[in-house]
Amino acid sequence: MAALTLAIQNGIVMAFAVLYLPLIREFGASHAEVASVQAIVLLLGGAAGPLVGAALDRLGARRLVQSGAALAAVGLIAASRATSLPAIALVYGLVGGLGLAALGSQVNMVIAAMWYPAARGRAIAVADLGTGFGAFCFITLGQALTSAWGWRATLLVWAGLLLVVVIPANALQRLPDDPRPSPATGARPADWTLAAALRAPAFWWLAATRFFAACAFPLMNTHLVAYAVGHGIPPEEAAAALGSVSLVSLAGRLTTGWLADRIGRAQTLTVMYASALAGVACLALLALTGSPAWLLGYVVFYGMAQGSSGIIASARAADVFAGPAFGTIFGWLSLSIGPGEAIGAWVGGWIYDRSGSYLPAFGFVALALAIGLGAIWRVRPAPHP
């Protein structure tokens, strides 16, 4: 249930990349202005974290996810009728973004982590398969729908899937009634409260890990299609490449979960970020050499790293803070994601508008990944409160 929900939620979020150029053409807006619509969705994905976490602990997984799906559907339907970019920012960005936040990775990774404390890396990775699979399907389908019927019809299809698939599929979703202590720390579930977690250095290092990863990955995902088209790749092939990144990430997510439970969280993220940087280097070589073959290298190397930061940070957070208040704690930890994703999505367009190139933005991505990697190595088991 978590994987299916994530497939549709993340598929909708990722498929904005194929709406990006059609929105620029229809409204005559700049790259940065249209990217700001996606930035709102991504910002809410993290900024709503405390609200979503508290709702998860109080309402339960079923009612939270079903309500979020209904709200997101309303936002997408309204956006399909919008006649201006500010209106799209309001209904797609704010209304749809808030609904999508309630059924995103924060909720579903908490569910996986709490049900399987002895195999958190693998459990989160399996649930997170929906993230990569959904992105692959929705980007490919979204490009076909947009080319045939336009971006407005595409939004109506997304809303329909939320109403007829996500809401019924989560009728039985719930958290376990007796969360057990983490095998990694031995902490008792009753130990951790939000106030105690906020005093722990581990909380802030985990927040830094999430923030800088959020700066890097959404920048690449939001602007890949536009970047590839700008270097001679047909739009359909560019969308297929972005979708293929998500398809490759299925293997990457399973590898991340398997390694995380065997060699450690920080060690695994080091391997995955090295792969991500190799992929970004391949994409830069596409511009420098003009050879489309480098796009394949990007798909393979970057795809293997896609999703690794969420799996590792979620598993590490559950190692340290699992308990009855984990939804609330994880919600406040997720507060760092939205600002990072909004900055990443926006800054890619901002750099392009001023330099005429995405290559400086790739340098920004490399710096963000390096800082985030340093942060995960600083996370230590926190003393019992």
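Evaluating Gly142 against the criteria (1) more than 19 Å from the chain's Cα centre (by Cα); (2) closer than 18 Å to Ala15 by Cβ; (3) crowded, with 21+ Cβ neighbours inside 10 Å leaves one unmet condition, (1). Only one entry in Ala61, Ala78, Ala55 is at pLDDT 85 or above, within 18 Å of Met114 (Cα to Cα) and surrounded by fewer than 24 Cβ atoms within 10 Å (Cβ to Cβ), namely Ala55. Residues that are within 21 Å of Leu141 (Cα to Cα) and more than 17 Å from the chain's Cα centre (by Cα) were ranked within the stretch 1-20; the one that is surrounded by the fewest Cβ atoms within 10 Å (Cβ to Cβ) is Tyr20.
Can you tell me which of Val300, Val280, Val271 is in contact with a helix residue (DSSP H, G or I) (Cβ under 8 Å, 6 or more places away or on another chain) and farther than 18 Å from Phe362 by Cβ? Of the residues listed, the single one that is in contact with a helix residue (DSSP H, G or I) (Cβ under 8 Å, 6 or more places away or on another chain) and farther than 18 Å from Phe362 by Cβ is Val271. With respect to the conditions (1) more than 19 Å from Ala17 (Cα to Cα); (2) at pLDDT below 85; (3) not aromatic (Phe, Trp, Tyr), Ala125 lacks only one, and its number is (2).
Test Gly232 against the stated conditions and say whether it is in contact (Cβ under 8 Å) with a residue 60 or more places away in the chain, surrounded by fewer than 24 Cβ atoms within 10 Å (Cβ to Cβ) and over 24 Å from Leu43 (Cβ atoms). It is true that Gly232 is in contact (Cβ under 8 Å) with a residue 60 or more places away in the chain, surrounded by fewer than 24 Cβ atoms within 10 Å (Cβ to Cβ) and over 24 Å from Leu43 (Cβ atoms). For Tyr298, the conditions (1) touching a residue at least 40 places away in the same chain (Cβ under 8 Å); (2) surrounded by fewer than 23 Cβ atoms within 10 Å (Cβ to Cβ); (3) over 30 Å from Ala195 (Cα atoms); (4) out of contact with any Ser or Thr (no Cβ under 8 Å at 6 or more places or on another chain) all hold with the exception of (2).
Taking into account only those residues within the stretch 106-153 that are in a helix (DSSP H, G or I) and hydroxyl-bearing (Ser, Thr, Tyr), which is farthest from Leu85 (Cα to Cα)? Applying the filter and picking the extreme gives Thr131.
Among the residues of this structure, Gly290 does not count as one that is at positive phi and at pLDDT 90 or above.
Conditions tested, residue by residue: (1) within 22 Å of Arg62 (Cβ to Cβ); (2) within 13 Å of the chain's Cα centre (by Cα); (3) basic (Lys, Arg).
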| residue | (1), (2), (3) |
| --- | --- |
| Leu98 | yes, no, no |
| Ala101 | yes, yes, no |
| Ser105 | yes, yes, no |
| Met109 | yes, yes, no |
| Ala112 | yes, no, no |
| Leu129 | yes, yes, no |
| Phe136 | no, no, no |
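Give me a count of the residues in the stretch 21-50 that are under 17 Å from Gln143 (Cβ atoms) and surrounded by fewer than 24 Cβ atoms within 10 Å (Cβ to Cβ). So the count comes out to 6. Answer yes if at least one residue in the stretch 87-102 is small (Gly, Ala, Ser) and modelled with pLDDT under 85, and no otherwise. No, because not a single residue in the stretch 87-102 is small (Gly, Ala, Ser) and modelled with pLDDT under 85.
Evaluating Phe364 against the criteria (1) more than 21 Å from Gly257 (Cβ to Cβ); (2) part of a helix (DSSP H, G or I); (3) at pLDDT below 85 leaves one unmet condition, (3). What do you reckon, is Ala73 free of Cβ contacts under 8 Å to residues at least 60 places away in the same chain and either basic (Lys, Arg) or in contact with a helix residue (DSSP H, G or I) (Cβ under 6 Å, 6 or more places away or on another chain) (or both)? No: the conditions fail for Ala73.
For the stretch 47-61, name all the residues that are assigned to a helix (DSSP H, G or I) and touching a residue at least 40 places away in the same chain (Cβ under 8 Å). Within the stretch 47-61, Ala47, Gly49, Pro50, Leu51, Val52, Gly53, Ala54, Ala55, Leu56, Asp57, Ala61 qualify. Cβ separations smaller than 7 Å between residues 6+ apart or across chains give the following pairs from the stretch 344-362 residues that are more than 18 Å from Cys282 (Cα to Cα) and free of Cβ contacts under 8 Å to residues at least 60 places away in the same chain to residues that are surrounded by 17 or more Cβ atoms within 10 Å (Cβ to Cβ) and aliphatic (A, V, I, L, M): Ile351/Ala361.
The values are calculated or read from the model by the stated rules, or taken from the named source; none is laboratory data. All figures in this text were calculated on a predicted structure; none of them were measured in a lab. Cβ: placed from backbone, ideal geometry, glycine included. Neighbour counts: every protein chain shown.
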